[in-house]
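What follows is a short report on a single structure.
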Amino acid sequence: IDVIIGPRSALFTPFPRLGMIVIDEEHESSYKSEASPKYHARETAMEIARLQGASVVLGSATPSLEAYYRADKGEYRLFTLKERLTGGSLPTVYTVDLRQELKEGNRSIFSRKLQELLADRLQKKEQSILFLNRRGYAGFISCRSCGQVMKCPHCDVSLSEHKGGKLLCHYCGYHEPKPKVCPKCGSRYISGFRAGTQQIEEKLKEMFPEVRTLRMDADTTRTKESYEQILSAFANQEADILIGTQMIVKGHDFPNVTLVGVLAADLSLYVSDYHAAERTFQLLTQAAGRAGRGSEPGEVVIQTYRPDHYSVQTAKEQDYEAFYEQEMEYRRMLLYPPVWNMLVILCASKQEQTAYDSAKLLVQEIDTWQENIKAAMERVGEDFKKKRVFPVGPADPAVAKVNDIYKKVIYIKTKDYQTLVELKDRLEHYMRDNRAFKDTVVQFDFNPMSGF
């Protein structure tokens with residue numbers, strides 16, 4: 001075998017003479033393993049290449065801040081591709097302020113600009129893609145009278161409404177029928193909030209009865225061949241509009257697609273993760289890149305409640321450098337990666353108090369370790385600053401309970417990566433014979449790609 005193509009685990013194929021590792025779409029968060037060992041394909045590839053004297057090529061239209069930061073510092077060599085390989089110009093991008101649309105009486109999921117362009121494409125027999133950063137029939141079910149949100153009893157997340165009046169938890173699979181009245185206050189004003197892919201498909205068919213649609217999300221791609229069948233059908237022009245979540249904007253090439261509509265550009269801006277602006281910029285830029293890849297020029301409509309946000313503005317201009325400069329300012333101010341390094345410690349237990357107590361003990365041990373290091377460095381006249389760590393927590397993560405398991409997290413930031421490795425080794429040693437941790441699972445994650 002001369003070439004192997006595979007996911008992140010393909011890195012461990014024992015090649016006798018490895019020459020090159022290519023990581024395409026290197027910004028993808030799925031290159032980081034969520035299960036232990038929590039390795040990142042990019043870091044692993046670098047180490048394997050160093051051991052075997054090979055080269056690594058990282059490719060992306062929207063590089064991760066980590067990779068671009070290293071290129072900026074001269075650790076990586078930067079090569080830029082200024083034109084599209086297939087020729088043609090970048091699409092024309094319009095941003096539509098949904099607040100203004102509502103003020104002017106448009107209560108539809110589709111802005112007037114998008115409706116007008118969709119009608120035009122259907123008339124010209126050209127294809128369109130509608131991208132929504134969600135799945136399910138609606139975001140969540142809430143009572144408009146008392147504010148009660150229907151939540152999973154086993155996980156700290158809201159239930160999503162699916163067709164047939166079913167509420168589903170996307171973490172553990174729990175489901176229950178949609179209530180007709182609020183279980184808390186008895187109000188009839190209990191309904192779904194925000195649109196999902198199924199609802200968009202239904203509204204499209206109301207607007208354009210003859211439209212042929214395909215839907216691609218986590219629910220329509222559950223079977224082995226479904227992903228390929230949907231893409232093949234769309235490539236063969238068996239549908240006019242492809243509606244979907246993130247998976248439809250990742251690197252596909254449909255020459256007949258001349259319009260891309262992003263229906264809720266800013267939904268990904270409000271997740272509790274410091275990568276939120278970066279992910280939003282990447283998704284919008286990747287989505288815009290699906291339009292006008294053939295001979296006809298493309299157009300993109302970005303619908304948003306935050307047209308002034310820098311990630312939306314720079315995605316509209318397809319200006320990576322401008323986004324990078326602005327986002328890096330925030331990362332420097334808040335001491336986030338890639339400028340600093342972060343270690344996240346997760347404590348999980350069946351009892352919430354046990355998880356909290358374990359996390360509290362670890363914070364105390366971190367403080368003791370830090371005081372000892374400081375005293376030792378001052379004795380020999382070394383500067384303690386470079387070894388200093390900043391712990392935050394214990395705190396609840398974004399999802400504090402999954403399947404009746406409670407979670408607490410501690411975030412630790414420092415400039416020096418090796419200091420975090422030393423600290424992790426110290427904490428593992430501390431826990432090894434400590435009975436206080438017998439009912440707690442503790443996990444460590446360096447520079448996490450997503451919130452715990």
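Compute the distribution of all C-alpha to C-alpha distances in the chain, in bins of 10 Å from 0, and list the percent of pairs in each, rounded to whole numbers. Once binned at 10 Å, the Cα pair distances of the chain give 4, 17, 25, 27, 18, 8, 2, 0. When you filter the trypsin sites (Lys or Arg not before Pro) in region 220-322 for DSSP loop state and at most 15 other Cβ atoms inside 10 Å of their Cβ, you are left with Arg222, Lys224, Lys250. The residues neighbouring Leu334, those whose beta-carbon lies less than 12 Å from its own, together hold a net charge of +1 under the Lys/Arg +1, Asp/Glu -1 convention. Dipole magnitude for the chain: computed about the Cα centre from +1 point charges on Lys and Arg Cβ and -1 point charges on Asp and Glu Cβ, it is near 1040 debye. A Förster radius of 22 Å, combined with the Cβ-Cβ distance separating Asn403 from Asp439, puts the computed FRET efficiency at roughly 0.85.
For the pair region 387-445 and region 30-99, the centres of their Cα atoms are 29 angstrom apart.
As a calculated quantity, the FRET efficiency between Glu296 and Val211 at R0 = 22 Å, using C-beta atoms, amounts to about 0.65. For region 2-155, the per residue solvent-accessible surface stands at 59 Å², with DNA, RNA and ligands left out and a 1.4 Å probe. Between the beta carbons of Val149 and Val392, assuming R0 = 22 Å, the FRET efficiency works out to 0.25 to the nearest 0.05. Computed over region 319-423, the convex hull of the alpha-carbon atoms projects to a mean area of 8.6 nm².
Under the combined filter of DSSP loop state and at most 10 neighbouring Cβ atoms within 10 Å, region 209-252 retains these GluC sites (Glu not before Pro): Glu210, Glu225.
Fully extending the segment from Lys38 to Val22, taken as 0.36 nm per residue of separation minus the present Cα-Cα distance, adds 3.7 nm. Placing +1 on each Lys and Arg Cβ and -1 on each Asp and Glu Cβ, with no other charges, gives region 386-430 a dipole about its Cα centre of roughly 260 debye. Put Leu420, Leu267, Leu51 in order of accessible area, highest first, and with a 1.4 Å probe you get Leu51, Leu267, Leu420.
Where only DSSP H runs of four or more residues are counted, the chain gives -9500 deg cm²/dmol as its mean residue ellipticity at 222 nm, each run worth -39500 (n - 2.57). In plain terms, the chain from Tyr174 to Glu83 could stretch by 27.9 nm, reckoned as 0.36 nm per residue minus the Cα-Cα distance. A DSSP coil position with no more than 13 other Cβ atoms inside 10 Å describes the following GluC sites (Glu not before Pro) in region 267-338: Glu317. For the set Lys151/Lys350; Lys73/Lys387; Lys125/Lys224; Lys38/Lys360; Lys163/Lys350, the pairs lying more than 28 angstrom apart at their alpha carbons are Lys125/Lys224; Lys163/Lys350. Spin-label model, Tyr227 to Gln52: label points 7 Å out along the Cα-to-beta-carbon direction sit 2.4 nm apart.
Spin-label model, Glu104/Gln351: points 7 Å from Cα along the beta carbon direction are separated by 6.1 nm.
Within the accessible area of the chain, the carbon and sulfur atoms contribute 50%, probe 1.4 Å, all protein chains present. Remark: region 178-332 carries 45 Å² of accessible area per residue (probe radius 1.4 Å; ligands, DNA and RNA excluded).
Each of Val22, Val56 has its accessible area taken with a 1.4 Å probe; listed largest first, they run Val22, Val56.
The values are calculated or read from the model by the stated rules, or taken from the named source; none is laboratory data. Bear in mind the structure is a predicted one, so any value in this text is a computation, not a measurement. Heads up, the Cβs are rebuilt from the backbone with ideal geometry, glycines too, and the neighbour counts pull from every protein chain shown. The protein model used for the area step is the full one, side chains on, heavy atoms only, and it has no ligands, DNA or RNA in it. Shrake-Rupley method; radii C 1.70, N 1.55, O 1.52, S 1.80 Å.
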